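Nothing in this text is a laboratory measurement; each read-out follows from the coordinates by a stated rule. Being a predicted model, the structure only gives us computed values, none of them experimental. Here Cβ is always computed from backbone atoms with ideal geometry, including for glycine, and neighbour counts include all displayed protein chains.
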Amino acid sequence: MSSEISLTRLIDPKRIAVIGASNSKGKVGEIIFKRLLDSRRRLYPVNPKEIVISGIKVFPNIEALPNDIDLAVITISAKASVGAVESCAKKNIPFAIIVAGGFGEVGEEGKKLEEQLKTISQESGIRLLGPNSLGIFLPDENIDTIFVEHGDRALDPGGQVACIVQSGSVGVEALGYASNTGFGMRAFIGLGNKCDLDEIEFLKYFGNEDKTNCVTFYLESIENGREFLEIARDIAKNKPVVVLKAGRTATAISAVSSHTGKLAGSDNIISGAFKQYGIQRVYDDEEFCDASKVLSMLPAALGNRVAILTAAGGYGVIATDYVEKHDQRATLKMAELSSTTKQKILDATFPFSACNNPVDITASADDNMFKKSLEALVNDDGVDIVICIAFFAPPGITENLIDIVARVIEDSNTPVIVFTKYGPFTNSSLRNFFLAKVPGFPAIGRTVRAARFLVERAEIERKLNSDNQG
């Protein structure tokens with residue numbers, strides 16, 4: 001289903017009922033209720049076997065709830081969930097999240113239960129997320145229905161990436177890992193089996209809200225492909241739409257069917273359609289997180305000319321190889337630096353600095369030399385992107401370099417992407433760069449690929465705006 005609806009009472013609920021809330025440690029209803037205690041929302045636990053949970057009065061059944069509930073989180077078994085949804089519908093609760101598995105993904109009996117959920121939704125108007133869904137997680141609001149362990153404490157507030165995932169495990173593991181080096185998430189949505197709410201509703205919602213500047217999906221199947229593509233094209237004119245579409249091979253497509261109970265489409269057709277409609281396709285969980293990160297933090301590149309700044313010459317050479325390597329995503333080339341830029345760098349550093357791009361100011365450089373060199377590069381009209389190889393091993397370079405790079409980025413329209421390694425401190429250094437609003441990565445290949453995402457995004461903007469004018 002993809003009718004025009006408001007998801008506000010799902011994404012920003014004020015009153016949440018937890019069906020199956022429990023005092024029994026380790027139960028799904030106990031974990032979710034405890035997580036929601038931090039949400040600053042009014043909670044209504046429902047369980048006929050409990051009286052009080054965490055000091056909050058428990059309701060014996062759904063019928064006893066007040067009439068103004070925004071969202072029901074249903075944490076009981078698959079078979080019992082169907083009756084709970086029916087009761088929620090009669091109570092005029094507009095949204096329900098069904099956490100339980102055991103539906104269309106497990107066979108005929110499960111499919112029958114899922115069909116019952118669809119019928120209840122269609123006949124009553126209650127909107128369902130799931131079943132087999134981890135639900136929602138909004139870090140800024142402390143709204144979290146994810147019962148499995150995830151990177152919730154590491155994900156950073158103020159993020160602008162909306163992640164909508166069909167597989168909860170892919171989403172939470174990828175994002176949890178990404179959060180080690182800094183990842184700003186606006187919202188996580190676990191679609192589950194998509195018996196009602198699907199990717200289209202969330203594409204519309206997050207594509208049009210101000211708090212989100214990048215919408216990303218992990219999908220195994222797309223229910224209404226044409227509609228999804230057309231809406232994505234409209235959204236992509238203003239903000240990136242990134243999709244990790246799994247099920248590329250015949251065997252994987254079969255696995256999609258067993259995982260979700262649904263069929264997936266031809267991969268070649270999907271790739272061509274994504275490109276035509278301005279969707280940036282990624283191919284694994286690392287690309288999923290890296291694309292989301294860089295596209296949410298930096299503007300599209302104005303061109304494809306890359307300058308490399310390093311105090312470690314070998315990494316400059318490796319980075320150059322990556323830049324000049326052919327890649328279907330987007331072509332990059334090494335920028336030709338102006339004589340003025342080269343002179344500025346020489347004046348700020350050493351007579352033996354290599355200034356022809358990659359720029360190697362050597363391990364004798366200090367923070368100020370790095371600053372002056374970076375400023376010269378971002379102000380060169382022949383440079384569209386700067387890859388900054390920031391190492392802290394040279395004695396003259398300190399962690400003040402993080403603030404230095406951040407200030408240069410703040411004062412420039414030229415995207416700057418950092419590659420850094422610092423032994424066991426690599427993750428914390430990258431996280432500090434992220435907190436200073438500087439996107440960074442722990443590998444040269446990922447850093448250069450991030451630059452390609454920015455060039456690809458620029459090409460999409462030009463194409464979609466040109467199509468619009470035509």
Taking the DSSP beta bridges in the chain as the whole, what percent of them are antiparallel, to the nearest 5? 15
With equal scatterers on the alpha carbons only and no solvent term, can you work out the Debye log10 of I(q)/I(0) for the range 1-70 at 0.12, 0.19 1/Å? -0.34, -0.75
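Taking 0.36 nm per residue of sequence separation and subtracting the Cα-Cα distance, how much length would be gained by fully extending the chain between residue 238 and residue 379, in nm to one decimal?
Fully extending the segment from residue 238 to residue 379 adds 48.1 nm.
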Stretchable slack from residue 435 to residue 333, in nm (0.36 nm times residue separation minus alpha-carbon distance): 33.8 nm
Using a simple charge model, +1 on the beta-carbon of Lys and Arg, -1 on the beta-carbon of Asp and Glu, nothing else, what dipole does the range 1-130 show about its Cα centre, in debye to the nearest 20? 560
Taking the Cα centroid of the range 71-86 and of the range 10-63, what is the distance between the two, rounded to the nearest whole Å? 13
Roughly what % of DSSP beta bridges within the range 1-72 run antiparallel, to the nearest 5? 20
Label points 7 Å out from Cα along the Cβ direction at residue 340 and residue 8: separation in nm? 5.1
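Which whole-number percent is the relative contact order of the chain (Cα, under 8 Å, 6+ apart)?
RCO, the chain: 11 percent.
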Express in nm, to one decimal, how much length is gained between residue 148 and residue 321 on full extension, taking 0.36 nm for each residue of separation and deducting their alpha carbon distance. 58.2 nm
For residue 397, the net charge from surrounding residues (Cβ-Cβ under 10 Å; K, R +1; D, E -1) works out to -3
Taking the square root of 5λ for each eigenvalue of the C-alpha gyration tensor of the range 361-444, the equivalent ellipsoid has semi-axes, largest first and in whole angstrom, of 19, 15, 11
Given 309, 368, 133, which one lies farthest toward the positive end of the charge dipole of the chain, if we put +1 on the Cβ of every Lys and Arg and -1 on the Cβ of every Asp and Glu? 133
For the range 190-208 and the range 306-321, what is the separation of their C-alpha centers, rounded to whole Å? 42
Neighbour-limited loop hits for trypsin sites (Lys or Arg not before Pro), the range 91-196 (at most 15 other Cβ within 10 Å; DSSP other than H, G, I, E, B): 153
Show that you can apply the helix-only estimate: for the chain, add -39,500 (n - 2.57) for every DSSP H stretch of four or more residues, divide by all residues, and state [θ] at 222 nm to the nearest 500. -12500 deg cm²/dmol
DSSP-loop chymotrypsin sites (Phe, Trp or Tyr not before Pro) across the range 308-397, with at most 13 other Cβ within 10 angstrom: 352
Per residue, how big is the convex hull of the range 306-458 when only Cα atoms are used? Give it in Å³. 97
Using Cα-only point scatterers and the Debye equation, what is log10 of I(q)/I(0) for the chain at each q in 0.06, 0.08, 0.12 Å⁻¹, rounded to two decimals? -0.31, -0.53, -1.00
Taking Cα pairs closer than 8 Å and at least 6 residues apart, the relative contact order of the range 148-297 in percent is 24
What are the lysines whose alpha-carbon lies under 23 Å from the alpha-carbon of residue 237, with same-chain residues fewer than 8 places away excluded? 204, 211, 245, 275, 293, 463
How do 25, 344 line up, fewest other C-beta atoms within 10 Å first? 25, 344
Principal axis lengths of the range 416-470 from Cα atoms, whole Å, largest first? 53, 22, 12
Count neighbours as other Cβ atoms within 10 Å of each site's Cβ, and list the GluC sites (Glu not before Pro) in the range 1-90 that are DSSP loop with at most 12 such neighbours. 4
What percentages make up the Cα-Cα pair-distance distribution of the range 21-159 when the bins are 5 Å wide from 0? 2, 10, 19, 22, 21, 14, 8, 3, 0
What is the distance in Å between the Cα centres of the range 352-428 and the range 271-293? 28
Given 40-46, 326-332, the highest-first ranking by average Cβ count within 10 Å works out to 40-46, 326-332
Could you tell me the relative contact order of the range 1-130? Use alpha-carbon pairs under 8 Å, at least six residues apart, and round to a whole percent. 21
If Lys and Arg each add +1 and Asp and Glu each add -1, what is the summed charge of the other residues whose beta carbon sits under 15 Å from the beta carbon of residue 76? 0
Could you please tell me the mean projected area of the C-alpha convex hull for the range 148-297, averaged over all directions and given in square nanometres to one decimal? 8.3
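Once the other residues with Cβ under 11 Å from the Cβ of residue 301 are scored (Lys, Arg +1; Asp, Glu -1), what is the net sum?
-1
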Going by how many other Cβ atoms sit within 10 Å of their own, how do 334, 185, 369 line up, fewest first? 334, 369, 185
